[in-house]
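Asker: Structure in structure tokens, see below.
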Amino acid sequence: MAAIADNTRHFRRLTGVDVIAVVKANAYGHGAASAAVAALSGGATRLGVAEIAEAVDLRRQGINAPIVAWLHEPGERFESAAANGIEVGISSFDQLEAAGAAAGSDGPVGVHLKLETGLSRNGVAPGDWNRVFAEAARLERIGRLRIIGLFSHLSNASRADDLEALARFEAGTAAAASAGIRPEIRHIAATAAAIDHPETRLDAVRIGIGLYGLSPFDDRSSADLGLRPAMTLRASVAAVRRVPAGAGVSYGYDHRANHDTTLALIPLGYADGIPRQASGRGPVMINGRRFSVAGRVAMDQFVVDVGDAHVAVGDEAVVFGDPTLGAPSATEWANAAGTINYEIVTRIGNRVPRRGA
């Protein structure tokens, strides 16, 4: 939690604008409520989630800060958002009408109008901007809505692509202004753009992966960016077995010992988020030494070939953590599994206990 707070402060200093701390998907696997508290203590002014249910759960856990939820199922109603003071992202005329209908005695529903600027996902299409802006302005005038933000998402494909999307967003902002909409904040940059493209910082940045101390770039590490990885995944060695040359290891015997060796059993598997695709490659540190997964990752466990190293039951195995402290990184696991570090941390399962510090 201290790392999340520090990373939040880092982005506040770097960008000079408000930080929206993205804690969707259980805070990328870190634990939503505790991550939210840490980010807010580091200076975040608002929280971001995908689904309203995630925001409601944060409210139930005592989080009172502003929260925006921006991804909704078709036909979703917004009464629960209104009742819990949750701001909603609006990507269509239908969603706008639903938000206006949800307003009640507690006052207008806070909304962020999302503009489609080239990512080809959700967001109000340019051809619908004028209609949506006119109705949003009307609903705000009659007290049904409070238009808090205009926002969009960038592709991170290239600087040119992102600046082109920014130009489209600025055109949308101008069209909204012509309809009488004056949002409190405009936000389009997530971690990568917030670091590399100062033009995209606007009034606020949405920080997801960077909040957790991981790099969104292939050519720069967390340390290069001044970030501290927040998650360390640990387990205790559950069993140690000396085996002769030729002994098979785990299902399918994809790995066989090529000499007498010692095997250590780690009680984590793909049910806990360890990627099966990293079988035979994922790095693990035990007693300060690095080893690799031997054979297939199973649902609840995997095996490490430690050779002749002294390893005992109960010794700590660090699957990944802060590489500046010698631990394997989430990025190394991502490389071993052919994926990205976002997925490695986000997929850590619910039966793995989270302990914040």
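The values are calculated or read from the model by the stated rules, or taken from the named source; none is laboratory data. This is a predicted model, so every value here is computed, not measured. Cβ placement follows ideal geometry from the backbone for every residue including glycine, while neighbour counts extend to all protein chains displayed. Remember, those area values only see protein heavy atoms, side chains included, never the ligands or the DNA or RNA. Shrake-Rupley method; radii C 1.70, N 1.55, O 1.52, S 1.80 Å.
Asker: Report, ordered by the first and then the second residue, all pairs with beta carbons closer than 7 Å, sequence separation of six or more or different chains, a first member in segment 158-174 that is within 17 Å of PHE217 (Cα to Cα), and a second member that is of a type in the set (A, V, I, L, M).
Answerer: Qualifying pairs under 7 Å: ASP162/LEU154; ASP162/ALA193.
Asker: Go through segment 1-30 and give me each residue that's without any contact (Cβ under 8 Å) to a residue 60 or more places away in the chain and over 23 Å from GLU343 (Cα atoms).
Answerer: ARG9, ARG12, ARG13
Asker: Right, something else. For LEU150, all conditions in the list (1) within 16 Å of THR117 (Cα to Cα); (2) outside any strand (DSSP E or B) hold save one; what is the number of the exception?
Answerer: (2)
Asker: Among the residues of segment 179-193, what is the count of those that are open to solvent by 10 Å² or more (accessible area, probe 1.4 Å) and in contact (Cβ under 8 Å) with a residue 40 or more places away in the chain?
Answerer: Residues meeting the conditions: 5.
Asker: Kindly provide the set of residues from segment 83-100 that are open to solvent by 30 Å² or more (accessible area, probe 1.4 Å) and either aromatic (Phe, Trp, Tyr) or touching a residue at least 24 places away in the same chain (Cβ under 8 Å) (or both), ordered by number.
Answerer: ASN84, GLY85, SER92, PHE93, GLU97
Asker: Would you be able to say whether some residue in segment 165-172 is touching a strand residue (DSSP E or B) at 6+ places or on another chain (Cβ under 7 Å) and of a type in the set (Lys, Arg)?
Answerer: No, there is no match, as no residue in segment 165-172 is touching a strand residue (DSSP E or B) at 6+ places or on another chain (Cβ under 7 Å) and of a type in the set (Lys, Arg).
Asker: Would you mention how many residues in segment 24-39 are at negative phi, surrounded by 24 or more Cβ atoms within 10 Å (Cβ to Cβ) and within 8 Å of the chain's Cα centre (by Cα)?
Answerer: 0
Asker: Can we say ASP322 is of a type in the set (D, E, K, R) and loosely packed, with under 15 Cβ neighbours inside 10 Å?
Answerer: In short, no.
Asker: Would you call ALA21 under 11 Å from the mean Cα position of the chain (by Cα), in a strand (DSSP E or B) and crowded, with 22+ Cβ neighbours inside 10 Å?
Answerer: yes
Asker: Now for a different question. Output the residues belonging to segment 318-357 that are charged (D, E, K, R) and touching a strand residue (DSSP E or B) at 6+ places or on another chain (Cβ under 6 Å).
Answerer: Once the filter is applied, which keeps residues that are charged (D, E, K, R) and touching a strand residue (DSSP E or B) at 6+ places or on another chain (Cβ under 6 Å), segment 318-357 yields only GLU332.
Asker: Specify which of the listed residues (THR15, THR117) is buried (at least 23 other Cβ atoms within 10 Å of the Cβ) and polar (S, T, N, Q).
Answerer: The unique qualifying residue is THR117.
Asker: Checking the conditions here, which among ALA327, ALA312, ALA334 is assigned to a loop (DSSP other than H, G, I, E, B) and open to solvent by less than 30 Å² (accessible area, probe 1.4 Å)?
Answerer: ALA327
Asker: When you scan segment 105-137, how many residues do you find that are under 28 Å from the mean Cα position of the chain (by Cα) and among the small types (Gly, Ala, Ser)?
Answerer: Qualifying residue count for the region: 5.
Asker: Continuing with this model, one more query. Scan segment 337-357 for residues that are surrounded by 15 or more Cβ atoms within 10 Å (Cβ to Cβ), within 22 Å of ALA294 (Cβ to Cβ) and not hydrophobic (A, V, I, L, M, F, W, C) and jot them down.
Answerer: Matches in segment 337-357: THR339, ARG347.
Asker: Determine whether ASN64 is open to solvent by less than 50 Å² (accessible area, probe 1.4 Å) and part of a loop (DSSP other than H, G, I, E, B).
Answerer: Taking the combined requirement at face value, the residue does not satisfy it.
Asker: Of the residues GLY252, GLY280, only one is surrounded by fewer than 20 Cβ atoms within 10 Å (Cβ to Cβ) and in a loop (DSSP other than H, G, I, E, B); which?
Answerer: Going through GLY252, GLY280 in turn, just one is surrounded by fewer than 20 Cβ atoms within 10 Å (Cβ to Cβ) and in a loop (DSSP other than H, G, I, E, B): GLY280.
Asker: Filter segment 138-157 down to residues that are in contact (Cβ under 8 Å) with a residue 60 or more places away in the chain and open to solvent by less than 60 Å² (accessible area, probe 1.4 Å) and give me whichever is farthest from the chain's Cα centre (by Cα).
Answerer: ILE148
Asker: Which of the residues that make up segment 208-249 are polar (S, T, N, Q) and open to solvent by less than 40 Å² (accessible area, probe 1.4 Å)? First the steps, then the outcome.
Answerer: Keep residues of segment 208-249 that are polar (S, T, N, Q), which gives 215, 221-222, 232, 236.
SER215, SER222 - these are the residues of segment 208-249 that are polar (S, T, N, Q) and open to solvent by less than 40 Å² (accessible area, probe 1.4 Å).
Asker: Another question, then. Pairs under 6 Å by beta carbon, first residue touching a residue at least 12 places away in the same chain (Cβ under 8 Å) and on the phi > 0 side of the Ramachandran plot in segment 229-255, partner in a loop (DSSP other than H, G, I, E, B) and not aromatic (Phe, Trp, Tyr), six or more apart or different chains?
Answerer: SER250/GLY295; SER250/ARG296; GLY252/ARG296
Asker: Does VAL303 satisfy being closer than 21 Å to PRO353 by Cβ and part of a strand (DSSP E or B)?
Answerer: In short, no.
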